[in-house]
Amino acid sequence: MSGKYGGYMGRVVLYDLSTQTAEEYPWTDEDRELWIGGKIMAAKILNDNLTGKEKAFSEENLIVISTGPLTGTGAPSSSRFNMSTLSPQTGFIASSNCGGRFGYYLKKAGIDALIIKGRCEKPSWLEIDNGKFTLHEAGDLWGMKTGEAQEALRKKVEEEKKRPVKMGQLVIGPAGENLVKYSAVVSDERVSGRAGVGAVYGWKNLKGITAAGTKSAPVTDPEKTKAWCKKWFKYLRNHPLTGEQLPKLGTAALVSQMQKIGILSTKNYNYGQYEDYEKVSGEAIAEKYNLVNKGCLTCPIKCARTVEVEGKAVKGPELETLGLLGGGIMNCDLPMIFKWNYELDELGLDTISAASTLAWAMEANEKGLWKNGLEFGKTDNVSKTFEDIAYRRGIGDELAEGSRRLSEKYGGKEFAIHAKGLELAAYEPRRAVGQGLGYAVSNRGGCHLNGGYLVIMEGLGLHTDPQTPKAKADLTMMFQDLMEMISATGQCLFTSYAFFPGFLITKPKGVIATICNKVVPHAGWAIRLINKHPEIACIHLPVFHHTKMMGYALGMPMTFGKYLKTGERGYNLERYVNSKFGVSEKDDALPKRLTDVPQDPKDPSTKVPLAEMKKTYYEARGWDEKGIPTEKTLKKLGIIP
């Protein structure tokens, strides 16, 4: 163990593809305490190296692959890793989180984070073996889809070692090679999908990375760590969301719930309910198609579905894919969604942006703005369209740019459903206005998770008034900061689902739940107080196991308040980096369909009152009227001296 904290391997490496050299990147115990790991660590590295003049497709742009300190400690759902870079899709930071095994094996190789700069002279792949770096030619891999490429990389490593090798892999598909703006990076069957990280790999001529090693993450107090993990696993398995809903139906369980409360994106967000939703629901998958449940390493939840596509058992679609390739394009053929989901992963395309861009094109065709042959409810040309996008053929070359750029060319900006150029997830926000605020102010664009996922308060967990703007700004800030920190530690955000006591979920009409739902909109002042002065929350919450785990495994004292403040530091740091690239209040926006047009023409409240909430949010965050963190805020958080 390097330094005084457990959990860390003690090594951050900067690898230059242009010179094929690796050097140590300084990272101290003070850095570990302030910036933790994951996306917060990556934001710090980007802040220290980017000036605001760089382009996504440039040798100066960095890719930061960072693990969390809890990865490898046995903590629940702690195998995730983060990739941050300058996004070709938004022009701001892309922070893309992923499961798979790569983060775990990067730490097994003795590395907490890998920073990549430069550009390979020709297609290449990078091998990491117990901290040793070797850049190999990848001409024979270029053009391969993601599954084939991973198999080929494994074969190459094992043939060299003359034995089976436990390893993690990252690869891009044809979409990344052809610089599709929303191309992804794939690890096993898990996808680092959002904001075009795959295109940065493609521009750098980097087909993939493998990592293997024999090292183990140290922990400060092994006995207490093991005992706490056991208790935490039990808590997650007994919680109605993480122990019942997600294991039973996966994220697809939300299709029916979203339909019920009117937030299921339908026909490119024209509506919030889809008549045939039952045919593309989690219940339909469980009843007819699910082969087995799967989960990432150290995950007790096992939310992944396994389905059959063309005789092969593959990963099933998540909620966003079901919603956007179901009602989003007016399609109720569930096996067809399975097929598209598999094809998109193999091509290396983000399913959310691909589906939403397709829906925009269908509506543009319907309105006569762009005659492209794509129609709502017509599915026979969708597979070919996705392939054309990945290879930039025909209309696919234009679709590869995403809905924002298409709407700037053809018109239809009011129904290009994105924020900062990143297409929204399947949660229609006009009946969950806090979620709408989160989409708009999210650092990486239209992301439901980076936006704070306030929809869990607005009908998918608790049932606070989904239309009121009251307290939504302060809640959004708190949830964003909590989720920022959970990501930084290397854990899945689903561990935060258990933050709400189970009885609030199982007895939504009970006395306590009813009081809670009615009080929350009037408690903005109390939430603001904690957000402004998190040090007052110098406690451990029984429903939030994360803080004690930090103490036992890392030896890093952590109260709920300190945990919250560290997340706040990370969130503001990303915003500060984005400000170098010109982010401002005008970018914290949603399309007019969501802010100006009521979902229910008879109910004017069914739209997102963004301007009102955004002003309150800026005040809560300590940002100026342009949406930039003030000098006072930056100093308070230690971002600037």
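The values are calculated or read from the model by the stated rules, or taken from the named source; none is laboratory data. Please read these numbers as outputs of a predicted model, since none were measured by experiment. Because the Cβ atoms are built from the backbone with ideal geometry, glycine has one as well, and the counts that use them run over all protein chains shown. Heavy atoms of the whole protein, side chains included, go into the accessibility calculation; ligands, DNA and RNA do not. Shrake-Rupley method; radii C 1.70, N 1.55, O 1.52, S 1.80 Å.
When residues in region 299-314 are screened for being open to solvent by less than 60 Å² (accessible area, probe 1.4 Å) and either modelled with pLDDT under 95 or out of contact with any strand residue (DSSP E or B) (no Cβ under 9 Å at 6 or more places or on another chain) (or both), 7 of them pass. In region 177-205, of all residues being aliphatic (A, V, I, L, M) and in a loop (DSSP other than H, G, I, E, B), the one that is nearest to the chain's Cα centre (by Cα) corresponds to Ala184.
One line per residue, one yes/no per condition, for (1) basic (Lys, Arg); (2) in contact with a Gly (Cβ under 9 Å, 6 or more places away or on another chain):
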residue: Tyr8; (1), (2): no, yes
residue: Val12; (1), (2): no, no
residue: Leu34; (1), (2): no, yes
residue: Lys39; (1), (2): yes, yes
residue: Lys44; (1), (2): yes, yes
residue: Asn47; (1), (2): no, no
residue: Thr51; (1), (2): no, no
residue: Ala56; (1), (2): no, yes
residue: Ser79; (1), (2): no, yes
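In region 556-594, the qualifying residues are those that are assigned to a helix (DSSP H, G or I) and without any contact (Cβ under 8 Å) to a residue 40 or more places away in the chain, and the one that is most open to solvent (accessible area, probe 1.4 Å) is Lys586. Of all residues in region 73-98, those being under 23 Å from Lys226 (Cα atoms) and either of a type in the set (A, V, I, L, M, F, W, C) or surrounded by fewer than 24 Cβ atoms within 10 Å (Cβ to Cβ) (or both) number 3. A residue that is touching a strand residue (DSSP E or B) at 6+ places or on another chain (Cβ under 8 Å), of a type in the set (Val, Ile, Thr) and either surrounded by 24 or more Cβ atoms within 10 Å (Cβ to Cβ) or under 28 Å from Ile352 (Cβ atoms) (or both) occurs somewhere in region 195-206. Taking the criterion of being in a helix (DSSP H, G or I), touching a strand residue (DSSP E or B) at 6+ places or on another chain (Cβ under 8 Å) and open to solvent by less than 30 Å² (accessible area, probe 1.4 Å), the residues of region 148-176 that qualify are Ala149, Gln150, Leu153, Val157, Ala175, Gly176.
Give me the residue from region 14-26 that is touching a residue at least 60 places away in the same chain (Cβ under 8 Å) and either surrounded by fewer than 21 Cβ atoms within 10 Å (Cβ to Cβ) or under 20 Å from Arg575 (Cα atoms) (or both) and, out of that set, nearest to the chain's Cα centre (by Cα). Spell out how you get there, then give the answer.
Within region 14-26, the first condition is being touching a residue at least 60 places away in the same chain (Cβ under 8 Å), and the residues that meet it are 14-20, 22, 25.
Subset that is either surrounded by fewer than 21 Cβ atoms within 10 Å (Cβ to Cβ) or under 20 Å from Arg575 (Cα atoms) (or both): 14, 16-20, 22, 25.
Values: Leu14: 24, Asp16: 27, Leu17: 26, Ser18: 29, Thr19: 32, Gln20: 30, Ala22: 29, Tyr25: 26 Å.
By that ranking, first place goes to Leu14.
Restricting attention to region 610-630, and to residues there that are of a type in the set (Asp, Glu) and part of a helix (DSSP H, G or I), which single residue is least open to solvent (accessible area, probe 1.4 Å)?
It comes out as Glu619.
Of the residues that make up region 318-328, is at least one surrounded by fewer than 19 Cβ atoms within 10 Å (Cβ to Cβ) and outside any strand (DSSP E or B)? No, because not a single residue in region 318-328 is surrounded by fewer than 19 Cβ atoms within 10 Å (Cβ to Cβ) and outside any strand (DSSP E or B).
Restricting to region 262-298, what's the tally of residues that are among the β-branched types (Val, Ile, Thr) and modelled with pLDDT under 95? Let's see the steps before the verdict.
Of all residues in region 262-298, those among the β-branched types (Val, Ile, Thr) come to 263, 266, 280, 285, 292, 298.
Those left that are additionally modelled with pLDDT under 95: 292, 298.
Adding up the residues that qualify gives 2.
Assess whether Lys44 counts as being part of a helix (DSSP H, G or I), within 23 Å of Arg444 (Cβ to Cβ) and either touching a residue at least 12 places away in the same chain (Cβ under 8 Å) or touching a strand residue (DSSP E or B) at 6+ places or on another chain (Cβ under 9 Å) (or both). Yes, satisfied. Residue-level check: of (1) assigned to a loop (DSSP other than H, G, I, E, B); (2) without any contact (Cβ under 8 Å) to a residue 40 or more places away in the chain; (3) open to solvent by 50 Å² or more (accessible area, probe 1.4 Å); (4) of a type outside the set (Gly, Ala, Ser), Asn290 misses just (3).
Number of residues in region 35-61 that are open to solvent by 10 Å² or more (accessible area, probe 1.4 Å) and in contact with a Leu (Cβ under 9 Å, 6 or more places away or on another chain) equals 10.
Residues that are closer than 18 Å to Phe92 by Cβ and either open to solvent by less than 10 Å² (accessible area, probe 1.4 Å) or touching a helix residue (DSSP H, G or I) at 6+ places or on another chain (Cβ under 9 Å) (or both) number at least 2 in the following helices (runs of 4 or more DSSP H) confined to region 357-472: 403-410, 433-441.
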